[in-house]
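Colleague: Got a structure for you, written out below as structure tokens; questions coming shortly.
The values are calculated or read from the model by the stated rules, or taken from the named source; none is laboratory data. This structure is a prediction, so every number in the text was calculated from the model and none was measured. As a convention, Cβ positions derive from the backbone with ideal geometry for all residues, glycine included, and neighbour counts pool all protein chains shown.
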Amino acid sequence: MQPFIPTERTQVRRLPERARYDRETVHAILDEGLIAHIGFVSGDQPFVIPTTYVRVDDVLYLHGSPASRMLRTLEKSVSVCATVTLLDGLVLARSAFHHSMNYRSVVVLGDAREVDDSAEKLRVFDALVEHIVPGRSADARPANDFELQFTKLLALPLNEASVKLRSGPPNDDAEDMSHPAWAGVIPLSLRASAPIGDGLGASTLAAPPYATGYARSPDAGGEGP
Ligand SMILES: Cc1cc2nc3c(=O)[nH]c(=O)nc-3n(C[C@H](O)[C@H](O)[C@H](O)COP(=O)(O)OP(=O)(O)OC[C@H]3O[C@@H](n4cnc5c(N)ncnc54)[C@H](O)[C@@H]3O)c2cc1C
């Protein structure tokens, strides 16, 4: 896969050694994340709105009510900034100054277009369900014509994107190494607890494996069997 070319707008300037532009890393972060923060300007007011999304190939899809200000603004080809952040740990250094976080984040810049084609919408809605809960689209009732018509779908092509990430232990200054404070990393990850059925209909049966074993990343297993 061709890497993203850093542009004037996506060139990471501070700590550039933490930058990545390869598509594999961009895709992996987008695929593990659940929430994107979508920045745009409406009138003279900037907004940053949290939303779900899914990546399919080199497109980030956003969806919601046709009444959504975010979607109504973005469909007019207003410039958008989509950010997805995964928090991997808290970095405790010996000095307060060198405390940090381990993270992986993606910033995507571009213009979105509305998707009208019903077949593409259906495919993307299935992909969205699969992105959030892999295996769920086979069980859930697919969107009907009314739901398709009254759900707006926008496509943001992944043309201009950057990754910044940090991993590993703290970077203390040499003169602080004898300071008597514990230093290291508190790993953080998104973990699922045991699923809670709503107790109605088929939910009186056992929860499916994709619910009991839900994990967002390989090292963050659910509380399932
Ligand atoms: C985890 C998560 C997933 C979501 N997924 C989607 C999605 O897939 N599609 C979708 O359309 N929406 C999603 N939302 C809701 C989204 O954040 C907005 O609330 C929604 O799009 C607002 O639409 P609106 O046009 O009515 O609000 P706007 O007119 O844009 O908002 C008016 C004002 O309401 C307040 N506001 C709006 N949203 C929020 C918020 N989330 N938190 C705090 N204040 C807020 C702000 O002050 C804002 O200026 C999600 C929210 C969360 C937290």
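Colleague: When you go through (1) at positive phi; (2) buried (at least 16 other Cβ atoms within 10 Å of the Cβ); (3) not acidic (Asp, Glu) one by one for Val163, which number turns out not to apply?
Modeller: (1)
Colleague: Take the residues in the stretch 40-59 that are more than 12 Å from the ligand (Cβ to nearest atom) and in a strand (DSSP E or B); name whichever of them is farthest from the chain's Cα centre (by Cα).
Modeller: Step by step, filter the stretch 40-59, then rank; the result is Val41.
Colleague: Residues to consider are Leu156, Leu165; find the one that is touching a Leu at 6+ places or on another chain (Cβ under 7 Å) and either assigned to a strand (DSSP E or B) or within 18 Å of Arg55 (Cα to Cα) (or both).
Modeller: Leu156
Colleague: Here is a follow-up. How many residues does the stretch 69-82 hold that are over 22 Å from Gly33 (Cα atoms) and near the ligand (Cβ under 8 Å from one of its atoms)?
Modeller: Residues that pass the stated criteria total 2.
Colleague: How many residues does the stretch 116-125 contain that are out of contact with any His (no Cβ under 9 Å at 6 or more places or on another chain) and under 14 Å from Arg55 (Cβ atoms)?
Modeller: Number of matching residues: 1.
Colleague: Report yes if Leu156 is in contact with a Gly (Cβ under 7 Å, 6 or more places away or on another chain) and touching a residue at least 60 places away in the same chain (Cβ under 8 Å), otherwise no.
Modeller: For Leu156, the condition - in contact with a Gly (Cβ under 7 Å, 6 or more places away or on another chain) and touching a residue at least 60 places away in the same chain (Cβ under 8 Å) - is met.
Colleague: May I pose another question? Identify the residue in the stretch 8-39 that is part of a strand (DSSP E or B) and modelled with pLDDT under 95 and, among all such residues, is surrounded by the most Cβ atoms within 10 Å (Cβ to Cβ).
Modeller: Ranking the candidates gives Arg20 first.
Colleague: Could you tell me which of the residues Pro6, Pro16 is away from the ligand (no atom under 16 Å from the Cβ) and touching a residue at least 24 places away in the same chain (Cβ under 8 Å)?
Modeller: Exactly one residue qualifies, and that residue is Pro6.
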